[in-house]
1. Could you tell me which of the residues A:48, A:40, A:77, A:103 is open to solvent by less than 20 Å² (accessible area, probe 1.4 Å) and at pLDDT below 95?
2. Sort out which residues of the range B:232-287 are farther than 22 Å from residue C:297 by Cβ, within 10 Å of another protein chain (Cβ to nearest Cβ) and small (Gly, Ala, Ser), and write them in order of number.
3. Can you name the condition, by its number, that residue B:212 falls short on among (1) within 14 Å of another protein chain (Cβ to nearest Cβ); (2) closer than 18 Å to residue B:172 by Cα; (3) not charged (D, E, K, R)?
4. Sort out which residues of the range B:425-440 are out of contact with any His (no Cβ under 9 Å at 6 or more places or on another chain), within 11 Å of another protein chain (Cβ to nearest Cβ) and under 25 Å from residue B:284 (Cβ atoms), and write them in order of number.
5. Only one of A:206, A:276, A:254 is within 20 Å of residue A:139 (Cβ to Cβ), within 15 Å of the chain's Cα centre (by Cα) and buried (at least 24 other Cβ atoms within 10 Å of the Cβ). Can you tell me which?
6. The conditions are (1) in contact (Cβ under 8 Å) with a residue 24 or more places away in the chain; (2) of a type outside the set (S, T, N, Q); (3) open to solvent by less than 10 Å² (accessible area, probe 1.4 Å), and residue C:111 fails exactly one of them. Which is it?
7. Count, please, the residues in the range B:53-74 that happen to be assigned to a loop (DSSP other than H, G, I, E, B), open to solvent by 10 Å² or more (accessible area, probe 1.4 Å) and more than 14 Å from chain A (Cβ to nearest Cβ).
8. In a loop (DSSP other than H, G, I, E, B) and surrounded by fewer than 20 Cβ atoms within 10 Å (Cβ to Cβ): which single residue out of C:152, C:95 fits that description?
Amino acid sequence: MPRTTRYDVTTWPVGDAAEDIGEVINSIIADVRDRQSVLGDGDRGKPGAVIAIPPGDYRLRTPVRIDVSFLRIEGSGHGFTSSSIRFNVPAEEWPGLHELWPGGSRIMVDIPLREGLDESCGAAFFVARSGSPRISSVEFSGFCIDGLHFTPDGSDLAAENTYVNGKTGIYVADANDSFRINEMGFVYLEHAITIHNADALSIHDNFIAECGSCIELRGWGQASKVTDNLIGAGFKGHSIYAQNHGGLLVTANNVFPRGASSVHFDGVTRSSITNNRMHSFYPGMVVLANGSAENLIASNHFLRDSEPWTPFQGVGNGRDDLFGLLSIDGSNNSVIGNHFSEVVDPATVRPHGVAPTIVSLTGGSGNYVATNHFVALDVPAAPGDSAFAAQVDALLATGASAGFSVTTVNVGAGSDHNTILDSGVDAEVVADRDTNAVRATPGVGVR
Amino acid sequence: MPRTTRYDVTTWPVGDAAEDIGEVINSIIADVRDRQSVLGDGDRGKPGAVIAIPPGDYRLRTPVRIDVSFLRIEGSGHGFTSSSIRFNVPAEEWPGLHELWPGGSRIMVDIPLREGLDESCGAAFFVARSGSPRISSVEFSGFCIDGLHFTPDGSDLAAENTYVNGKTGIYVADANDSFRINEMGFVYLEHAITIHNADALSIHDNFIAECGSCIELRGWGQASKVTDNLIGAGFKGHSIYAQNHGGLLVTANNVFPRGASSVHFDGVTRSSITNNRMHSFYPGMVVLANGSAENLIASNHFLRDSEPWTPFQGVGNGRDDLFGLLSIDGSNNSVIGNHFSEVVDPATVRPHGVAPTIVSLTGGSGNYVATNHFVALDVPAAPGDSAFAAQVDALLATGASAGFSVTTVNVGAGSDHNTILDSGVDAEVVADRDTNAVRATPGVGVR
Amino acid sequence: MPRTTRYDVTTWPVGDAAEDIGEVINSIIADVRDRQSVLGDGDRGKPGAVIAIPPGDYRLRTPVRIDVSFLRIEGSGHGFTSSSIRFNVPAEEWPGLHELWPGGSRIMVDIPLREGLDESCGAAFFVARSGSPRISSVEFSGFCIDGLHFTPDGSDLAAENTYVNGKTGIYVADANDSFRINEMGFVYLEHAITIHNADALSIHDNFIAECGSCIELRGWGQASKVTDNLIGAGFKGHSIYAQNHGGLLVTANNVFPRGASSVHFDGVTRSSITNNRMHSFYPGMVVLANGSAENLIASNHFLRDSEPWTPFQGVGNGRDDLFGLLSIDGSNNSVIGNHFSEVVDPATVRPHGVAPTIVSLTGGSGNYVATNHFVALDVPAAPGDSAFAAQVDALLATGASAGFSVTTVNVGAGSDHNTILDSGVDAEVVADRDTNAVRATPGVGVR
């Protein structure tokens, strides 16, 4: 074993990790590639390397380019702290703060960006390799990728509240196999993780918050999992998005506001959204779009209430209350055993005066919606200046609230041959009883 | 990068980690704090440090005090072995044992304790910081905190079986954000983890057993997760306890006896207890107390059977069999798709001769209890002297057992407007049919 | 702290890790054992050690024998890449491949095997210790165990497609407590993990694929968990198998083809198979055999479709379509809230022309099958030469398909007193209505 395969960015002789960790890591990868020049020596292969990032601040000016398999990049601290809260504290109070920035093993993404560049040019870690086999077993673990600042988007929002800056944490351009992203922190990036054409991907136990979008699985993919993460996107983006995936397992995630959606599936089939806790300030929490079929949505907790924090009051995702907290355009999906809480001030419902829709079937057929529980409470909005105190207060407010009317399940004209069981009393289920099978939840006192 | 941010307790020049690791870690933290004296240098922050604890025995005489963010303390081995089994082996057999103590990266908590001190004084790791922002991203990973011994509690129990010693593993006193506790081991502590006012906390993949209480989330909190742990408290305490939390996700835990409760929620709202396996020797496995509302309890496996191990025969948690394995005092909760097994010797039921209650609704309204399966088996108690052999035998005993009568759902006088579907045949559901909606599970042969 | 407890296989003076890592690790374990010669010095114990395996290729000629508690073996990369795909690429194309072998911290299992040796002789890591206490807290983390090649099995299959080679990754022979297997990779082993008599075992977040069988829990056991793994066995073996276990939690796994079964329980009680995504090419995906009782099977996604990849066309597991995707011989189990998709070309159904069975109850009584959704689609088989492209295409194919008839639940003559609710319309549920309770799913237009 002549040379180590364990690299440390702080001791590598090329570059200065504090000033440009991208240059340092690219130099290390070049060294790994040099050592992998032999395709196969008998049954020996190209085992790769681990690159360690001790706790510290590391500016990244040069994007890291990864084109070798079996590379693990690991830090010693996900380093999340809320930049959103800090930037909404008046600047004159900053000297009184204990700290201003995220920490841990912290990559400060400081790539020079020009208008019109492709989104991938703003990626701190850019992974691409064509040919066969697909690039495999690249692992990211235990460090923080911080986009530092958001930028003005032309709206009235303060620049630091726009969730826009052209930066991406990890961008995978080509088909890949058995990647892992574990125990990472992502903050203040327009896109945290964007991965095309994933097979057997695992995104597990990360902290991904205050990013425009958090997880985007684009192109196509199969047999992957997004599990046990703490996630919360910005109001323009998705917390979890997947396109043309089959066999995706989305489970055990705690998805907090304020994403435009918590989970958005576009043409996704035979996948699971089970056992997640999801919280949103807008309709459209889970969207199964574009013919998404045979998916299972079970044992999830859906909570939609209202934005309690002053800086984002009045911001929405453009959807009204007829859209549904769960909206399905597709066939043969299962919606079983979920809890839905709609906790809003009826005066804020749009269009004014309607009964909000909770589950909306807009197209397709053969969906099975059974044994779901719906709670609708009238709670006047009570905004506050502290992000977390206002949110906790709102979360715990149940006592004085009264119920109000909702449509628990709405089957639109474009959807038929669905089965709806025990998911709302008769008046709450809007569906053509001739073209759908409906058994309403028994009402109290009705035998 | 002039100095490393990776510290090793065995090479730090101050103190002797073998004799007092607390002194060593506090000295390291002081060094970290010194290096964090600049609030912000442009966009550079205070990234923190990682403190490594190699495998070994480390006595802790001085409590560690943590008041800096972005600190990671990591060991290389959770080190659990059963002290409970060992202490119940006759001392004359100890020389024949392979080992007597837990191991791994093992902290031996040996803090001098006096009567009347606050509980927090017995904490091996004490975290506190007031002001803004809340202390963030403190991580504990991969080591063992061992309380060594329990002490007499005035009862007839042997001292090592009391679960009392005034010691706590990790105690967090102030509001905090994005903490992580992963892959740790906790054993023989009166309290393993006590955390006040948590936001986005993750307690994941730990081994927490033979502690008085395991996880206590006190004060208030939100958007946290307790996932994929192996947990088992003592008969006086809670395996998982939360107070005034919203959006808490408790999932994928395997909770074994003998906690007074497996999960106890006090004023908790909009949270999930889903997909756990829970096993207890007493009623009151899951308790939703004090107005806990809009929680989802789904896809869990509940097993209540009888204490099979001789040293704890006759010990209980003070609740009788009318209390319910699941007891709810609160509104708008969902209980969907759970399996309940009540496997007891009817002669041991208290009050004598009653049909035990499985799900009890004692107060509140609007709860939805649907599609739960209840199994009640009469299995004579067969105690044994080996902790695990007796338990495995009991777990696997099903063949010769007969059924007996239970009340699957009992709606007390203080609770109304609940919906109970397919959760027991008509005679098993005790509820006022005028003030609740009940659809009994169809009986065999009844069409 | 006189000597370190952290060992590195590349710097240990005995042996050469590149040529025989087994010799090196055994020498390290001997050193650990020497240092553990004192049973207990007051409250000091035998804390163990961590053995680090940096990324690299390590041949293993000598099996590692582990007989000490508190040993952690850790690598820096699970290193999976598909050997199955590579071996099915024509050899003349191999020079154009980026890499031929798995990587990461890679153990190349190269044990000389003779006919007639016990299976345990082919284990790379063999764990055994009798006496008390049970061996505890052995941890495997973050490395790759590669069996290199499969061997001819006498069939027409190419040698590399047989899933046979007599090699096992980790074999535990004796009763054990609190073991952990995390973030590992296993590939091209006949048996990846075989563990007897486990208590509080955790197998979490691993990549176990292209092995004959993946996880086998034999003998007996309790209170263990198999969570959040990516798993896929060969057509002869089990992805997850357990025998005489109680309180086992199998959750959040993504189980892909082509195992003969996804989960097979033999005499298992009071356990959970919840919230998994499972995909198979054959009937018999989940089997509860031999009196398995009181288990919960909930919120799972079952997909059975047809083998799309040319090399394995025509291979099966010997079960016909009357066997059931889920087959239960046992009592008091719960099957709640699952989604089943049967997507096959009816011409391939065997016996020819039958309606395939989805859930089959063959023996026992008191099972509860409720609120399950069944989708049956007629999709002509369209095999392809690329393993993942063909699979993704098949996974996403839903649009043009028509439905066909299935038996959603079949209660055989040996099973009675079951309850079947909302799990198929009347004609789809084959059960004696006198000895079982059946409430069919309402049909469309039927009020």
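The values are calculated or read from the model by the stated rules, or taken from the named source; none is laboratory data. Computed from a predicted structure; not experimentally measured. Cβ placement follows ideal geometry from the backbone for every residue including glycine, while neighbour counts extend to all protein chains displayed. Heavy atoms of the whole protein, side chains included, go into the accessibility calculation; ligands, DNA and RNA do not. Shrake-Rupley method; radii C 1.70, N 1.55, O 1.52, S 1.80 Å.
1. Selected residue: A:48, the only one of A:48, A:40, A:77, A:103 that is open to solvent by less than 20 Å² (accessible area, probe 1.4 Å) and at pLDDT below 95.
2. B:232, B:246, B:247, B:267, B:271 - these are the residues of the range B:232-287 that are farther than 22 Å from residue C:297 by Cβ, within 10 Å of another protein chain (Cβ to nearest Cβ) and small (Gly, Ala, Ser).
3. (1)
4. B:425, B:431, B:432, B:438
5. Just one listed residue meets the conditions, A:206.
6. (3)
7. Result for the range B:53-74: 4.
8. Only one candidate passes the filter, namely C:152.
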